[in-house]
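*Asks:* Here it is, the structure in full.
The values are calculated or read from the model by the stated rules, or taken from the named source; none is laboratory data. This structure is a prediction, so every number in the text was calculated from the model and none was measured. Here Cβ is always computed from backbone atoms with ideal geometry, including for glycine, and neighbour counts include all displayed protein chains. In case anyone asks, the SASA skips ligands and DNA or RNA and just uses the protein heavy atoms, side chains included. Shrake-Rupley method; radii C 1.70, N 1.55, O 1.52, S 1.80 Å.
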Amino acid sequence: MLIELILVPALLATPTVSWDFEGQALKQFSSAISAYTHTHRSAVQQLAPALPCRGPEAITMRRDELAGNIRAARPDAHEGDIFTPSVAFVLRKRLRDAIPRLMPMPADEAWQPAEQNEGSPLAVNEFLPWQHGTHPYEPLLSVLPALPEELEYRLSGSDLVLLDVDARIVVDILREAVP
């Protein structure tokens, strides 16, 4: 009887440790996303008001100016600022667990991410080349934390890219996110 009283609390505590790790990682991710979103919105406020229907050149110039403002606010940005090791571990696990469940394939086939174009390497604070970054398969998005409208996930080969939509710059990269 005494052994049962000692073992039961220990067994109950085990899932809490795992949950606490994931919860803390996701809380850290949320804080980093909030900080980035604040940076993005501050960069937008520095822009002159946009005039409607000014053409593609004006849109490109505004995007470039926004990207410049964001780069100036984050000059030392690098991989892992948002996808920290604990966040990376949680997101990789979620994606790897979800692929067989959400994307069932015949036993002789395995899901393969799209080939990554080697011509333009991805880098934080740089523009996402147009040939990179497909939208993830919609069910995979359901296992990733929600993002504010300024950001979205993209897949480039097996890498998960966090993209600033308006500036079209890479905010962070999670290498080998999907098997």
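*Asks:* Averaged per residue, what accessible area in Å² does region 18-79 show with a 1.4 Å probe, protein chains only?
*Replies:* Normalised by residue count, the accessible surface of region 18-79 is 67 Å².
*Asks:* So how long is each side of region 35-104 along the principal axes, counting just the alpha-carbon atoms, biggest first, in Å?
*Replies:* For region 35-104, the Cα extents along the three principal axes come out at 47, 31, 16 Å.
*Asks:* Given R₀ = 25 Å, what would the calculated FRET efficiency be for R175 paired with T60, taking r from the Cβ atoms and rounding to 0.05?
*Replies:* Calculated value: 0.30.
*Asks:* Another question, if that's okay. Output wanted: per-residue J couplings in Hz (rounded whole) for region 152-166, from phi through Karplus 6.51 cos²θ - 1.76 cosθ + 1.60, θ = phi - 60°, x for Gly and Pro.
*Replies:* Here the 3J(HN,Hα) series is 8, 8, 9, 9, 10, x, 9, 8, 9, 10, 9, 10, 7, 5, 6 Hz.
*Asks:* Also, quick follow-up: So for the pair S31, Q45, with labels modelled 7 Å out along Cα→Cβ, what separation do we get in nm?
*Replies:* Rounded to a tenth, the inter-label distance reads 2.3 nm.
*Asks:* Output the peptides 140-147, 43-50 sorted from most to least packed, where packing is the average of other Cβ atoms within 10 Å over each peptide's residues.
*Replies:* Most protected by this proxy first, the peptides run 140-147, 43-50.
*Asks:* Given a 1.4 Å probe and the protein chains all in place, what does the accessible area of R71 round to, in Å² to the nearest 10?
*Replies:* R71 exposes around 70 Å² with every protein chain in place.
*Asks:* I've got another one for you. Read phi for every residue in region 25-37 and hand back ³J(HN,Hα) as whole Hz from Karplus 6.51 cos²θ - 1.76 cosθ + 1.60, θ = phi - 60°, with x for Gly and Pro.
*Replies:* Going residue by residue, I get 4, 5, 5, 4, 4, 4, 5, 5, 5, 4, 5, 5, 4 Hz, with x marking Gly and Pro.
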